[in-house]
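Student: Have a look at this one before I ask anything.
The values are calculated or read from the model by the stated rules, or taken from the named source; none is laboratory data. Given the structure is predicted, the values throughout are model-derived calculations rather than measurements. Positions of Cβ are generated from backbone atoms using ideal geometry, with glycine treated the same way; all protein chains shown enter the neighbour counts. Accessible surface is based on the protein model in full, side chains and every heavy atom, while ligands, DNA and RNA are left aside. Shrake-Rupley method; radii C 1.70, N 1.55, O 1.52, S 1.80 Å.
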Amino acid sequence: MGKTTILQQIANGAAEHNPVLFASGEMNDDSLTDREMATLMKVPITNVRAGDYDDELFLGIIKNFEVVKRRRCFMFVRSRENAFTTANLYQAALNIRLRHGLCLIVVDYLGLLRDKYGTNQVERLGYISAELKGIAMELHVPILCAHQLNRGTESLEDKRPQLHHLRDSGNIEQDADVVMFLYRENYYQRGGKPTNTEVIIAKQRQGPGVDERTIEVVFDTKDQTYKNAAQRDGSIM
């Protein structure tokens with residue numbers, strides 16, 4: 001569905017103005033930077049990863065490295081020396097906050113955090129969810145965290161996810177102030193025509209009392225960006 005893409009796009013937008021911590025248990029900093037370059041240059045990500053650059057692409061990469069450097073987006077990635085746990089995430093966030101300030105923590109994604117707790121996955125993820133909530137409250141910084149859905153949606157006629165489809169834990173729904181789902185109809189249709197992605201706001205603790213709100217965006221697989229479906233000029237959200 002492109003969850004890493006939308007997380008990174010939100011993080012980069014915030015990092016234009018204030019420091020952001022992007023924590024990934026799925027990708028290293030090189031892979032994340034490749035995505036940024038493809039987005040900035042509006043070229044397929046394979047062109048950036050291939051390494052066989054012509055002069056135009058090489059000069060474009062050099063130029064856009066300056067854009068990446070100006071963004072204050074700090075990377076926290078899983079490694080042998082740095083376990084991907086809530087304790088290490090807290091230490092990284094605290095250090096950045098004390099040195100530079102911090103406006104947002106992004107976690108990709110909850111299920112990859114390696115905390116050991118309880119006797120099963122439900123208890124472990126419930127513990128991680130509560131720890132993330134505690135970090136957000138202690139540091140006074142919002143946390144945007146991705147999570148997977150269970151497979152129950154795939155057997156339904158209408159595959160739009162609902163709150164009870166959050167995988168392995170009801171604690172996530174309870175702890176989260178906002179829950180948003182990504183849904184793209186042609187994801188489930190082989191060879192189907194491209195469709196807009198729906199961002200379904202299923203829970204909003206501080207928002208108006210409505211059941212759901214949906215925003216439509218366009219996912220451009222070529223340069224790995226989400227774009228506002230309401231704007232014909234193709235500008236990024």
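Student: Please list, in order, the residues from the stretch 34-49 whose amide nitrogen is less than 17 Å from a point placed 7 Å along the Cα→Cβ vector of Leu59.
Tutor: 41-42
Student: Relative contact order of the chain: what whole-number percent is it, with Cα pairs under 8 angstrom and at least 6 residues apart?
Tutor: About 20 percent, as a whole number.
Student: Rg to Rh ratio, the chain, alpha-carbon atoms and Kirkwood radius?
Tutor: 0.96
Student: Evaluated at 10 °C with a viscosity of 1.306 mPa s, what Stokes-Einstein diffusion coefficient in µm²/s does the stretch 10-50 have when Rh comes from the Kirkwood expression over alpha-carbon pairs?
Tutor: D = 142 µm²/s.
Student: Residues of the stretch 21-51 with the amide nitrogen closer than 19 Å to a label point 7 Å from the Cα of Leu112, along Cα-to-Cβ, please.
Tutor: Only 21-39, 45-46, 49 fall inside the zone, counting backbone N under 19 Å.
Student: When the chain is fully extended, how far beyond the present Cα-Cα distance does Ala87 get from Cys103, taking 0.36 nm per residue of separation?
Tutor: Result for the pair: 3.9 nm of gain on full extension.
Student: OK, next. When DSSP beta bridges are limited to those with both residues in the chain, what percentage is antiparallel, rounded to the nearest 5?
Tutor: Just about 60 percent of them are antiparallel.
Student: Given R₀ = 45 Å, FRET efficiency for Asn196-Glu138 by Cβ-Cβ distance, to 0.05?
Tutor: That gives a FRET efficiency of 0.75.
Student: List every residue whose amide H lies under 5 Å from the amide H of Lys203, counting only residues 5 or more places away in sequence or on a different chain, with H placed 1.01 Å from N in the peptide plane.
Tutor: Counting only residues 5 or more places away or on other chains, the set is Val179.
Student: Using a 1.4 angstrom probe on heavy atoms only, work out the carbon and sulfur share of the accessible area of the chain in %.
Tutor: Summing carbon and sulfur atoms, their accessible area is 47 percent of the total for the chain.
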